[in-house]
Amino acid sequence: MVIICILLPPLAAGLIGGFSSFFINLILTCIGWLPGIVHAYMLMKKAEVEEQNKELTSQINNSETQSEEKTSGFLNFIIIVVLLVVVFFMLENNL
């Protein structure tokens, strides 16, 4: 993608950002080749960062879900133990 950013900046911008980015990059490239390259490179890096953010967000959401499951499992265990203790005390008092 870096090679496309250098050789054909409007094409790279269009592939990454859509028609509006293509049009803006076309204008920048007509003004000068370097502004078009910089714009296309910035779009490429922005897309990479957004993808990394999505991965990190999904990992964080998965870890929160797993910790909630562990917590709810622990709470269920505590409730069962308390109920068993109550049942045993009730059986002792009745006998």
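What follows draws every value from the coordinates through simple rules; no lab data is involved. Model, not experiment: these values are computed from the prediction. For neighbour counting, all protein chains shown are included, and Cβ atoms are generated from backbone atoms with ideal geometry for every residue, glycine included.
Things to note:
- Selection within region 3-23: residues that are within 28 Å of the chain's Cα centre (by Cα) and of a type in the set (A, V, I, L, M). The member of this set that is surrounded by the fewest Cβ atoms within 10 Å (Cβ to Cβ) is 3.
- Put simply, of 76, 53, 93, 62 the only residue that is part of a helix (DSSP H, G or I), among the polar types (S, T, N, Q), out of contact with any helix residue (DSSP H, G or I) (no Cβ under 8 Å at 6 or more places or on another chain) and exposed (fewer than 10 other Cβ atoms within 10 Å of the Cβ) is 93.
- Residue count, region 24-59 (criterion: of a type in the set (A, V, I, L, M, F, W, C) and under 27 Å from the mean Cα position of the chain (by Cα)): 8
- Looking across region 12-23, just one residue is over 16 Å from residue 1 (Cα atoms) and hydroxyl-bearing (Ser, Thr, Tyr), and that is 20.
- Taking the criterion of being surrounded by fewer than 15 Cβ atoms within 10 Å (Cβ to Cβ) and within 18 Å of residue 3 (Cα to Cα), the residues of region 24-38 that qualify are 32, 33, 34.
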